[in-house]
Amino acid sequence: MMPKLYGLLKYSVILLWSAFVVAPFLWALTTSFKTANGVTGGPTYIPWLQYEPSLTGWRSLFGGAGGIDIVKPYLNSIVVTGSASAISLVLGTLAAYGLSRFDYRVGPAKNADVLFFFISQRIMPPIVLAIPFFLMLQFLGLLDSLLGLILVYIALLLPIAVWVMIDFFNNIPRQIDEMAMLDGCTPFGAFFRVILPNSLPGIIVAGLFCIIFGWNDFFFAFTLTFTDAQLLPVAVVALNSSVTPWWSLSASALISVAPLVLIAFLVERFLSRGNLAGAIR
Amino acid sequence: MNGSGFRAYKLAFLLPGLLILLAIILFPLIFTIRVSFSSWDAITPGLNNAGGINYAKLFGDVRYWQSLGRLSLMAVGTVLLQYLLGLGLALLVWREVKLRRFFRVLFLVPMMTTPVVMSVVWRTIFHESLGPANDLLGMVGLGPFQWLTSASTAIVSVMIVEVWQWTPFMFLLLLAGLLSLPREPYLAAAIDGAGPIRTFFNVTLPLLAPVSIGALIIRLIEASKIMETVYVLTSGGPGTATETTGYYIYIRGLRDFEIGYASALSITYLVIMIVALTIIAKLLVKVFIGERT
């Protein structure tokens, strides 16, 4: 009796939370097929039954009426997120390996302090950096440019890459590197030929986190660009005025979160493998 | 493999990342500190020397201190909720559950989505007459609520969105922690005849303590920066009811262009956050680990 009741309770909670998780997506999905009639008459949920579905919202994403041209911001976001994540991943993986294997001493600072410097960058509120970033990019002529955004995003993503990778490297026994070096590998050789292939799960998790935080950042893209280098979240939020039709808003929201949701389902098996919180000790 | 050759390898690993981060972060930080001692604003832009006038001014800035209080409340409140929910959910899909891999990904989905973009959707959900929130709650006899237009509910609405967005991150960290727990203590507890509740408090929770502390701190760090959801959902309103510190500084700095004053506010904000988070981290270690010894 008791286990059965417990099982029922368990699945109810799981389903309840699942409903909460998917509710905004379902609402956006149904709204994206509405027209004015379907919105202003009060909330409706089921197409055909409650309202006549239309593709107006989705058409508006590609230059249709009442919408935006989403293609350019989309490509911008892909370029900036992709480049910044790739660079951060390379630099972060190298730095994390170094910190995990060698002893450094920079003045009074040792490994733990250098690691703390990397990770502590996440404490920095974006607003603290926004004003100087603005002036710095203006000085370099990189305001409203993809290159400028990539530079800024490296500062955001590099700490994440170091944070995820150091734990993976710490869990790979040092003897493996030592064996490789006894076999005549240089430290670089040991790293690239032996360690790196073994850290693929870590690299996938680190890369995913870089992509999440890069793709989803809004504030820097918002303050450091105007029109040319506009990124996707900025383009969507620009629609967030009282006159914007909900169907365009919903369609643009769905299409901009879709890629990462798909990636989540693809790399699920790697995600829960890394003991990320355990790295902060 | 000793000597200068080895040293070169050592540096080649660490230096590129370290130098680039220093170059991108350090200049802006030093610059902000310098600007905070100037009276740079829209009328007289430029670096002059105004001494500590901005810092003197911020002590009497009620709106700033209120925003900090509000931010602390929202950050601690949402993170605690996220921890309880995340831990509960992680425990639910940790072991024998049908479709558990599907639910594990599903629970992670909100974290993958862009906070501002989903906030745009949430804003339509919270619409008082045209949104589904009041409509659906009305069916079970609740509401209607003024989700975004009344001071006390607006802050709850922002917190609901924050919990929706970030419980998955807490869930992910705690689930990974649970999956890496050793099996032996559970066998021992089973042999002792401990029930599920005693096993949870005597085995799972203590073993999970380091991960719990890490997860809480990581989320508190991120929550101490709440402003984007506020910007989209309420623009800090009604009045200043949902204005967080980051958003207030944004208004003073990048909208009113009081660069000098905003810089002083941000440096103070940063220092307060570092001090507060350090103290909280120490307290968490005491709460989770201190009790056992």
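Only loop residues by DSSP count here, and only those with at most 12 other Cβ atoms within 10 Å; note down the chymotrypsin sites (Phe, Trp or Tyr not before Pro) in the range A:158-252 that meet that. Working shown, then result.
Working: sites: A:W163, A:F168, A:F169, A:F188, A:F191, A:F192, A:F209, A:F213, A:W215, A:F218, A:F219, A:F220, A:F222, A:F226, A:W246, A:W247; in loops: A:F218, A:F226.
When the chymotrypsin sites (Phe, Trp or Tyr not before Pro) of the range A:158-252 are filtered for loop state and at most 12 Cβ neighbours within 10 Å, A:F226 remain.
Placing +1 on the Cβ of every Lys and Arg and -1 on the Cβ of every Asp and Glu, with no other charges, gives chain A a dipole of roughly 580 debye about its Cα centre. A simple count of charges around A:D228, restricted to other residues whose Cβ falls under 11 Å of its Cβ and scoring Lys, Arg +1 and Asp, Glu -1, yields 0.
Listed by chain and number, the lysines whose alpha-carbon sits under 24 Å from that of B:K98, ignoring those within fewer than 8 places in the same chain, are A:K4, A:K10. Please identify, among B:P206, B:P185, B:P238, the residue showing maximal mean-square fluctuation in a Gaussian network model of chain B using a 10 angstrom Cα cutoff. Maximum among the listed residues: B:P185.
Here the Gaussian network model covers chain B, with springs between Cα atoms less than 10 Å apart; of B:L11, B:L173, B:L19, B:L11 fluctuates the most.
Mind checking the mean number of beta-carbon atoms from other chains within 10 Å of the Cβ atoms in A:256-265? Please list the in-between numbers first.
On the way: counts 6, 8, 2, 1, 5, 7, 1, 1, 8, 7.
Per residue, the number of nearby Cβ atoms from other chains is 5 on average.
Each Lys and Arg contributes +1 and each Asp and Glu -1, all at the Cβ; summed about the Cα centre of the protein assembly as shown, the dipole is approximately 1120 debye.
Peptide A:17-23 shows a mean partner chain C-beta count of 6 within 10 Å per residue C-beta. Using only the Cα atoms, work out Rg/Rh for the protein assembly as shown, with Rh taken as the Kirkwood radius, to two decimals. Dividing the radius of gyration by the Kirkwood radius yields 0.97.
For chain A, a Gaussian network of Cα nodes joined below 10 Å ranks A:I119, A:I127, A:I212 by mean-square fluctuation, and the top entry is A:I127.
Helix-only estimate, please: 222 nm mean residue ellipticity of chain A, summing -39500 (n - 2.57) across DSSP H runs of length 4 or more and dividing by its residues, to the nearest 500.
Numbers: 12 runs with 186 residues, N = 281.
Helix contribution divided over all residues of chain A: -22000 deg cm²/dmol.
Please state the shape class of the range B:61-292: rounded when a/c is under 1.5, otherwise prolate if a/b exceeds b/c and oblate if not, all from the C-alpha gyration tensor. All intermediate terms of the calculation are to be shown ahead of the outcome.
On the way: a/c = 2.56, a/b = 1.46, b/c = 1.75.
Because a/c hits 1.5 or more and a/b fails to exceed b/c, the range B:61-292 counts as oblate.
Here's the picture: charge each Lys and Arg Cβ at +1 and each Asp and Glu Cβ at -1 in the protein assembly as shown, and of A:I14, B:I191, B:I30 the one pushed furthest to the positive end of that dipole is B:I191.
In a shell of Cβ-Cβ distance under 12 Å around B:F6, excluding B:F6 itself, what net charge do Lys and Arg (+1) and Asp and Glu (-1) give?
Values: positive: A:R101, B:R7, B:K10; negative: A:D103.
Net of charged neighbours comes to +2.
Computed over neighbours whose Cβ is under 13 Å from that of A:L149, the net charge equals -3, Lys and Arg +1, Asp and Glu -1. Taking a straight line from the alpha carbon of B:K10, these aspartates and glutamates sit under 18 Å away, with near neighbours fewer than eight places off in the same chain left out: A:D103, A:D113, A:D177, A:E178.
Is there a simple number for the mean count of other chain Cβ atoms within 10 Å of the Cβ of residues in B:66-72, and what is it?
Working: counts 0, 0, 0, 0, 0, 1, 0.
Across B:66-72, the average partner-chain Cβ count within 10 Å equals 0.
Taking amide H as placed 1.01 Å from N in the peptide plane, the amide H of A:D69 sits under 5 Å from that of A:G63, each at least 5 places away or on another chain. Every helix of 4 or more DSSP H residues in chain B counts as -39500 (n - 2.57), and over all residues that averages to -23000 deg cm²/dmol at 222 nm.
Any read-out appearing in this document is the output of simple, stated calculations on the displayed coordinates, not a laboratory observation. The shown structure was predicted, so the numbers you read here are calculated from the model rather than taken from an experiment. Every residue, glycine among them, receives a Cβ derived from its backbone with ideal geometry; neighbour counts consider all protein chains shown.
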